[in-house]
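Notes for the one structure printed next.
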Amino acid sequence: MDNNQRAVFFGFQGDTRWNQSRLQESIRDFKHHEIDIRDREGLLRLVRQISPSAIVHAAAQPSHDRAAAIPFDDFDTNAVGTLNLLEAARQACPESPFVHMSTNKVYGDRPNTLVLRELETRWDFSSPDYEHGIAEDFPIDQSKHSLFGASKVAADIMVQEYGRYFGMPTCALRGGCLTGPNHSGVELHGFLSYLVKCNLEGREYRVFGYKGKQVRDNIHSEDVARFIHALIENPRSGEVYNIGGGKANSCSVLEAFQIAEQFSGRAMKYSYSDENRIGDHICYYSDLRKMRSHYPGWNVTISLIETVSQIVDAWKRRAV
């Protein structure tokens with residue numbers, strides 16, 4: 001269920017029709033339903049008609065910066081749209097697992113209050129308490145989220161509440177940088193995919209603050225899908241997980257430059273602004289221990305280097 005709203009938010013570079021066509025051509029039982037998640041009545045009719053055995057909710061306005069320019073569209077998509085889908089599920093298929101793609105931005109800029117140490121190419125946490133990264137019990141209050149982060153908090157809490165209040169099998173996955181070869185990365189969303197695209201095309205990449213040493217953990221979409229499958233097979237109610245690549249798959253912007261250059265043989269063109277994005281994390285990577293303990297058959301299987309390799313190949317194919 002999609003209406004290519006990403007193209008409305010980000011222009012032609014964010015257009016996902018190419019991926020819709022790929023799915024329709026390559027997956028025999030794939031069926032596309034053209035609908036806006038803000039269409040409450042239409043959504044309810046469609047969910048009743050399909051009566052899905054599971055729902056994976058990945059619809060969102062996903063950008064900090066874009067949210068400030070379109071606050072109503074952002075909140076109506078992220079918060080109200082999630083409520084629309086939750087209520088449709090409660091009325092049509094309350095026993096079906098409901099997996100919501102949340103975000104690590106629910107923590108706002110609170111991770112920036114942690115003591116950091118500056119290394120040659122990255123920032124990292126100083127305290128051994130955070131050697132594995134940010135865990136799910138990290139506070140979300142008293143911090144700056146951006147309007148995008150705030151709308152996603154509302155959705156995240158509502159997903160948990162439908163699990164706890166109504167006993168539905170709901171789960172919020174607080175993602176970091178979820179990526180892969182089919183990512184339509186743009187400057188405002190899709191860090192690794194967009195960075196690789198800029199390098200391959202010789203375009204200038206803009207670095208926003210923190211000396212380019214800000215850190216993110218990247219997880220391949222296949223590993224995300226594998227965890228979602230595990231959730232659907234063994235659902236829990238009102239659960240949350242920080243899903244990302246963990247420290248092993250983390251990199252700074254500067255380190256991502258180096259990796260991209262290894263594949264292209266082309267030096268990265270970039271400009272630098274001292275002004276960081278509002279609510280942006282200096283250092284963030286996910287503590288995966290809760291995920292692994294609840295689902296011991298799951299783990300990250302695709303490395304950061306392999307992920308970048310696949311992104312490089314995919315952008316080259318799309319350029320042909």
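Would you mind stating whether ASP129 is in a helix (DSSP H, G or I), out of contact with any Phe, Trp or Tyr (no Cβ under 6 Å at 6 or more places or on another chain) and either surrounded by fewer than 22 Cβ atoms within 10 Å (Cβ to Cβ) or not β-branched (Val, Ile, Thr) (or both)?
Answer is yes for this residue.
Would you check if there is a residue in the range 94-104 being surrounded by 17 or more Cβ atoms within 10 Å (Cβ to Cβ) and farther than 17 Å from CYS171 by Cβ?
The answer is no, given that none of the residues of the range 94-104 is surrounded by 17 or more Cβ atoms within 10 Å (Cβ to Cβ) and farther than 17 Å from CYS171 by Cβ.
What are the pairs, 6+ residues apart or on separate chains, where a residue within the range 113-141 that is at negative phi has its Cβ under 6 Å from a residue that is exposed (fewer than 11 other Cβ atoms within 10 Å of the Cβ) and not charged (D, E, K, R)?
If the second residue must be exposed (fewer than 11 other Cβ atoms within 10 Å of the Cβ) and not charged (D, E, K, R), the pairs left are SER126/VAL115.
Restricted to the range 275-294, and to residues that are modelled with pLDDT of 95 or more and over 16 Å from ARG174 (Cα atoms), which residue is surrounded by the most Cβ atoms within 10 Å (Cβ to Cβ)?
Filtering the range 275-294 for residues that are modelled with pLDDT of 95 or more and over 16 Å from ARG174 (Cα atoms), the one surrounded by the most Cβ atoms within 10 Å (Cβ to Cβ) comes out as ILE282.
Of the conditions (1) at pLDDT 95 or above; (2) surrounded by 17 or more Cβ atoms within 10 Å (Cβ to Cβ), HIS64 satisfies every one except a single condition; which number is it?
In the conditions (1) at pLDDT 95 or above; (2) surrounded by 17 or more Cβ atoms within 10 Å (Cβ to Cβ), HIS64 misses (1) alone.
Taking the range 132-176 as the region of interest, how many residues are touching a strand residue (DSSP E or B) at 6+ places or on another chain (Cβ under 8 Å), among the polar types (S, T, N, Q) and outside any helix (DSSP H, G or I)?
1
Looking only at the range 250-308, filter to residues that are part of a helix (DSSP H, G or I) and among the polar types (S, T, N, Q); which one of those is farthest from GLY209 (Cα to Cα)?
At the first step, the residues of the range 250-308 found to be part of a helix (DSSP H, G or I) are 253-264, 289-294, 304-308.
Then drop every residue that is not among the polar types (S, T, N, Q), which leaves 258, 262, 264, 293, 307.
On the way: GLN258: 18, GLN262: 24, SER264: 25, SER293: 36, THR307: 25 Å.
Out of the qualifying residues, it is SER293.
ALA69 passes all but one of (1) under 21 Å from ASP280 (Cα atoms); (2) among the hydrophobic types (A, V, I, L, M, F, W, C); (3) in contact with a strand residue (DSSP E or B) (Cβ under 9 Å, 6 or more places away or on another chain); which number fails?
Only one criterion is unmet by ALA69, namely (3).
May I ask you to list the residues in the range 71-103 that are touching a residue at least 60 places away in the same chain (Cβ under 8 Å) and hydrophobic (A, V, I, L, M, F, W, C)?
PHE75, ALA79, LEU83, LEU86, ALA89, PHE98, VAL99, MET101
What are the residues in the range 54-107 that are among the β-branched types (Val, Ile, Thr) and within 17 Å of LEU178 (Cβ to Cβ), if any?
Scanning the range 54-107 gives VAL56, VAL99, THR103, VAL106.
Taking the range 96-118 as the region of interest, how many residues are assigned to a loop (DSSP other than H, G, I, E, B) and under 22 Å from the mean Cα position of the chain (by Cα)?
Of the residues in the range 96-118, 3 are assigned to a loop (DSSP other than H, G, I, E, B) and under 22 Å from the mean Cα position of the chain (by Cα).
Looking only at residues that are of a type outside the set (Lys, Arg) and part of a loop (DSSP other than H, G, I, E, B) in the range 236-249, which one is farthest from the chain's Cα centre (by Cα)?
Out of the qualifying residues, it is SER237.
Acidic (Asp, Glu) and either in a strand (DSSP E or B) or at positive phi (or both), is that true of ASP217? So that I can check it myself, show each step before the final result.
Details: acidic (Asp, Glu): yes; either in a strand (DSSP E or B) or at positive phi (or both): yes.
Considered against the rule, which asks whether it is acidic (Asp, Glu) and either in a strand (DSSP E or B) or at positive phi (or both), ASP217 comes out as yes.
Based on this model, can you work out whether THR121 counts as in a helix (DSSP H, G or I) and either buried (at least 16 other Cβ atoms within 10 Å of the Cβ) or out of contact with any Phe, Trp or Tyr (no Cβ under 9 Å at 6 or more places or on another chain) (or both)? First the steps, then the outcome.
On the way: in a helix (DSSP H, G or I): no; either buried (at least 16 other Cβ atoms within 10 Å of the Cβ) or out of contact with any Phe, Trp or Tyr (no Cβ under 9 Å at 6 or more places or on another chain) (or both): yes.
The answer is no for THR121.
Which residues, counting only those in the range 274-303, are of a type in the set (D, E, K, R) and within 18 Å of the chain's Cα centre (by Cα)?
ARG277, ASP280, ASP287
Which of the helices (runs of 4 or more DSSP H) found entirely inside the range 3-82 contain at least 2 residues meeting this: among the small types (Gly, Ala, Ser) and on the phi > 0 side of the Ramachandran plot?
Because the criterion is at least 2 residues that are among the small types (Gly, Ala, Ser) and on the phi > 0 side of the Ramachandran plot, no helices (runs of 4 or more DSSP H) in the range 3-82 meet it.
The values are calculated or read from the model by the stated rules, or taken from the named source; none is laboratory data. Note that this is a predicted model, so its numbers are computed, not measured. We place every Cβ from the backbone using ideal geometry, glycine too, and count neighbours over all the protein chains shown.
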